[in-house]
Amino acid sequence: MLGKVVADKIERGGDTIVRVEDLEHARRSLHDHEFDVIVLDLMLPDGDGRSLARDLRRSGNNIPILLLTARDEIDDRVAGLDAGADDYLVKPFAISELLARLRALHRRPGIYFAEQIDYEDLSLHLPTAVLHCNKQQVRLTKPELQILNRMMRAPGQVFPKAQLADIIYPGAEGWSDNALETVIHRLRKKIIGLTSQCELRALRGLGYLLCKVRH
């Protein structure tokens, strides 16, 4: 039922939809058609949607993937991103938010989540939470990993505090501004300690971004 509602709403906007109900038909459709973006449910009748995302990435297919899930635990979200999803949306959700996320994915170049992310002289190894730079390395805490993970996927993008808080405190309305700033401060110090060409820059009133150091 949800799939039909979503498909109908997207089609009203002028886009073409191929809607399938299980992994088998999804794989067949991906073989027969080219798509701009995939909306993928985590729980399907014949398996876990993450397996499809993982197979696509292993084959070199970098089509953007939006993962839909009823699981709101941060570990489940991270697992979905690690499998290859570019974004996730927790049920129940507003159709308007789903459409906005699809537009954002469509604007982005094809990037996907692998075991390692590189930006300039930084290399982040996700399974071990180790950040490498200039033959040095440092281990990140889970919140630091979650934030840098997202920022390295979108260098130069400004992340407001509320957005960063949702990454490490998903769904929490009472998150602490001081706690978030502590995570950012420690992460910034670790990057500086690696003598990286990159920095976590604060923009007053706007948020934070990962970018090259200004000279």
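Structure notes:
- For the residue pairs K9/K212; K161/K190; K9/K142; K142/K212; K91/K142; K91/K161, alpha carbon separations beyond 30 Å are given by K9/K212; K9/K142.
- Over all Cα atoms in segment 116-212, the spread is summed up by Rg and Dmax: 12.6, 40 Å.
- For the chain, share of DSSP beta bridges that run antiparallel, in % to the nearest 5: 70 percent
Quick note: the coordinates plus some simple rules give every number you see, no bench work behind them. For clarity, every value in this text was computed on a predicted model and none was experimentally measured.
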